[in-house]
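J.: Quick one: the structure is below, questions incoming.
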Amino acid sequence: MIEKKVIGAWTEELASKAPVPGGGGASALGGAMGAALGQMVANLTIGKKRYKDVEEEIQLRLSGLEKLQKEFLVLADKDAEVFAPLSKAYGLPADTREQKEEKERIMEERLLAASLVPLEVMEKAMEVLDILEYLAEKGSRMAISDVGVGVQFARAALTGAVMNVYINTKSMKNRERAEELNAKANGLIEAGTRQADEIYEKVQRGLVS
């Protein structure tokens, strides 16, 4: 389980020839990093007299980020879990018509499962961006740069996870379902990268002005 591993050991596995972890898990881990940085900003804001008026709202955002961080780590493991049966499905026999039909059925099921996990990573990344946007406005000015870094991690989670959606939907026989998933991913990537860029640029302007 990723949450029980030292990061060095996990990244060594990531660098190896092993099929998992891969880009999907790394994207989820990026989301967890973005959520963790948001928590740091929230924790540095809570308890300060200057931010007393927003403390209750910051506490709510902190709880949301704690939940999201845990969910990202679960998704990193889940990404590896759905890849294994998909990888095995590619090796199923397809010599007879019955075998071919059965292989196609199994492949569709497993390609769908492998597409839904990165879509969930993207949705969670959007939630992180919403909270980071609030923290960019109301969080401690001493930690505003960390909001910017967190935004970039959440953005990477989005742009990384969408690759895993596309690579799986590309192999689907059910093109209607594949296009539905792609359309959802396209909407998330368009809105998410725009929001991330806007927050990041605002933070950057505040730091250099």
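The values are calculated or read from the model by the stated rules, or taken from the named source; none is laboratory data. The shown structure was predicted, so the numbers you read here are calculated from the model rather than taken from an experiment. Neighbour counts run over all protein chains shown; Cβ positions are idealised from the backbone, glycine included. Surface areas here come from the heavy atoms of the whole protein model, side chains and all, with no ligands, DNA or RNA. Shrake-Rupley method; radii C 1.70, N 1.55, O 1.52, S 1.80 Å.
J.: Taking the highest mean first, how do the peptides 123-130, 101-108 order by number of other beta carbon atoms within 10 angstrom per residue?
T.: 123-130, 101-108
J.: May I pose another question? For the stretch 1-85, what does the convex hull of the Cα positions come to per residue, in cubic angstrom?
T.: Working: hull volume 7.3 nm³, N = 85.
Each residue corresponds to 86 Å³ of Cα convex hull volume.
J.: Over the stretch 1-95, with the other protein chains present, what is the accessible area per residue in square angstrom, probe 1.4 angstrom?
T.: Per-residue accessible area for the stretch 1-95 comes out at 59 Å².
J.: Considering the chain as a Gaussian network with a 10 Å cut-off on Cα pairs, which listed residue, SER27, SER145, SER87, attains the greatest mean-square fluctuation?
T.: In this elastic network of the chain, the residue with the biggest mean-square fluctuation among SER27, SER145, SER87 is SER87.
J.: Ok, one more. Would you mind calculating the relative contact order of the stretch 53-123 from Cα pairs under 8 angstrom and at least 6 residues apart, reporting the percent as a whole number?
T.: Relative contact order comes out at 34 percent.
J.: Please work out the C-alpha center-to-center distance from the stretch 73-114 to the stretch 118-144 and express it in whole Å.
T.: 34
J.: Shifting gears a bit: Just reorder THR159, THR169 by solvent-accessible area, largest first, 1.4 Å probe, all chains present.
T.: Numbers: THR159 50, THR169 0 Å².
Result of the area sort, largest leading: THR159, THR169.
J.: Related question: Check the straight Cα-Cα distances from LYS103 and name the aspartates and glutamates below 13 Å, setting aside those fewer than 8 residues away within the same chain.
T.: The qualifying aspartates and glutamates are ASP95.
J.: Also: Could you work out which residue, out of LEU65, LEU92, LEU44, moves most in a Gaussian network model of the chain, that is, has the largest mean-square fluctuation with Cα springs under 10 Å?
T.: Comparing LEU65, LEU92, LEU44 in the GNM, the peak value goes to LEU92.
J.: Now, a different point. In percent, how large is the relative contact order of the chain, given Cα pairs closer than 8 Å and 6 or more residues apart?
T.: Numbers: 272 pairs, mean separation 58.1, N = 209.
That works out to 28 percent.
J.: Which three extents, in whole angstrom, do the alpha-carbon atoms of the stretch 46-160 cover along their principal axes, largest first?
T.: 73, 21, 16 Å, listed from the longest principal axis down.
J.: Give me P(r) over the stretch 111-163, computed from all C-alpha to C-alpha distances, binned every 10 Å, as integer percentages.
T.: 26, 43, 22, 8, 1
J.: What does the net charge come to around ARG97 if you take all other residues with beta carbon closer than 14 Å to its beta carbon, with K and R at +1 and D and E at -1?
T.: Details: positive: LYS100, LYS103, ARG105; negative: ASP95, GLU98, GLU101, GLU102, GLU104.
That works out to -2.
J.: Please give the helix 23-45 orientation as an angle from the longest Cα principal axis of the chain, in degrees from 0 to 90, rounded to the nearest 10.
T.: Approximately 20 degrees, to the nearest 10.
J.: Within 14 Å, Cβ to Cβ, of GLY38, how many net charges do the neighbouring residues add up to if Lys/Arg are +1 and Asp/Glu are -1?
T.: Value of the local net charge: -2.
J.: In a Gaussian network model over the chain where Cα atoms closer than 10 Å are linked, find which of GLY25, GLY148, GLY64 has the largest mean-square fluctuation.
T.: Among GLY25, GLY148, GLY64, the largest GNM mean-square fluctuation belongs to GLY64.
J.: Of all the Cα-Cα pairs you can form in the stretch 95-209, what percent are over 17 Å apart?
T.: 59
J.: Quick one: the Cα spread of the chain along its three principal axes, in angstroms, biggest first?
T.: Principal extents (Cα only, largest first): 73, 36, 29 Å.
J.: Additional query: Quick check: residue separation of ALA191 and ARG177 times 0.36 nm, minus the Cα distance between them. What number comes out in nm?
T.: 2.9 nm
J.: A further question on this structure: Compute the angle between helix 55-89 and the longest alpha-carbon principal axis of the chain, please, reported from 0 to 90 degrees and rounded to the nearest 10.
T.: Result, in degrees: 20.
J.: Among the listed pairs LYS48/LYS70; LYS49/LYS138; LYS17/LYS100; LYS88/LYS184; LYS52/LYS202; LYS17/LYS173, give every one whose C-alpha distance is greater than 18 Å.
T.: LYS48/LYS70; LYS17/LYS100; LYS88/LYS184; LYS52/LYS202; LYS17/LYS173
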